[in-house]
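Scroll down for the structure; my scribbles are underneath it.
The values are calculated or read from the model by the stated rules, or taken from the named source; none is laboratory data. In this text the structure is predicted, and so the values were computed from the model without any measurement. When we count neighbours, we look across all protein chains shown, and the Cβ atoms used for this are built from the backbone with ideal geometry, even at glycine.
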């Protein structure tokens, strides 16, 4: 009689753990991903506690402190009308994170159902949705966002809608591709064979198995949305003055780069760090949620 050798503790634990727990275990092993997560969480804390973290009123002007260099009173210096740059950077975090989260939520709410319908039904419905999606994808994302924002009017709300609608085709295409892969699996055929209606199969069996790549794409899309919001604000189509926004701060700072470079450095560094954090986190999630990884 053949003896059954016990599995090593780490292998047994990995086998018994659920897929999300295994993904979290793999995620914790990647220091670069944890660094990205720390960056994102730091900016989230800044956005939530901005009223208590910002040392001064972000819209308060001081004509006696125009374009002052960084000092003990103004750590990041002041802008062209004496406003504290540090306070405006802290408060600008809210606009960037809000734009990223809301616009990507709009893309998910629109793109996932449309992609599910296209991939699950197939046929003429799939062909029609795919051709419309191809038409939108033929236009560069930022150009389409600028056009929609200009049509809707300059405001942060309209900018978020424009970014969300412009990013929707990406989620339609991704969801459709994942559904096409999942719906031919044996467990889907078994669910269909025992009499489950199509809507139940789609929501109960197909959707949960396409969530992982959507989470990864959403994380990366937030980074793109942050850049898009800053670009729209730079062009005057996003957050409107005097409300602080990193993009509008850069638009003003471009006129004073020679004698007040700190006006451009800090909002630029903030955009870089926030986008870097989401990109590192998205790359780590892509590896952690891959079922082929050990």
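Points to keep in mind about this one:
Table: residues versus (1) free of Cβ contacts under 8 Å to residues at least 40 places away in the same chain; (2) farther than 30 Å from residue 231 by Cα; (3) out of contact with any helix residue (DSSP H, G or I) (no Cβ under 7 Å at 6 or more places or on another chain).
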residue: 151; (1), (2), (3): yes, no, yes
residue: 156; (1), (2), (3): no, no, no
residue: 160; (1), (2), (3): no, no, no
residue: 172; (1), (2), (3): no, no, no
residue: 183; (1), (2), (3): no, yes, no
residue: 199; (1), (2), (3): yes, yes, yes
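- Here 43, 76 are screened, and the one residue that is surrounded by 16 or more Cβ atoms within 10 Å (Cβ to Cβ) and part of a loop (DSSP other than H, G, I, E, B) is 76.
- A count restricted to the stretch 133-149 and to residues that are within 12 Å of residue 170 (Cα to Cα) and surrounded by 14 or more Cβ atoms within 10 Å (Cβ to Cβ) stands at 4.
- Residue within the stretch 209-231 that is more than 20 Å from the chain's Cα centre (by Cα) and modelled with pLDDT under 90 present: yes
- No other residue among 268, 277 is under 16 Å from residue 40 (Cβ atoms), touching a helix residue (DSSP H, G or I) at 6+ places or on another chain (Cβ under 9 Å), part of a helix (DSSP H, G or I) and at pLDDT 90 or above apart from 277.
- Against the conditions (1) part of a loop (DSSP other than H, G, I, E, B); (2) at pLDDT 95 or above, residue 64 satisfies every one except (2).
- The set of residues in the stretch 200-242 being part of a loop (DSSP other than H, G, I, E, B) and surrounded by fewer than 18 Cβ atoms within 10 Å (Cβ to Cβ) consists of 235, 236, 240, 241, 242.
- Considering 84, 126, the condition of being surrounded by 14 or more Cβ atoms within 10 Å (Cβ to Cβ) and either in contact with a strand residue (DSSP E or B) (Cβ under 7 Å, 6 or more places away or on another chain) or at pLDDT 95 or above (or both) is satisfied by 84 alone.
- Matching residues, the stretch 151-189, being assigned to a loop (DSSP other than H, G, I, E, B) and over 25 Å from residue 127 (Cα atoms): 153, 154, 155
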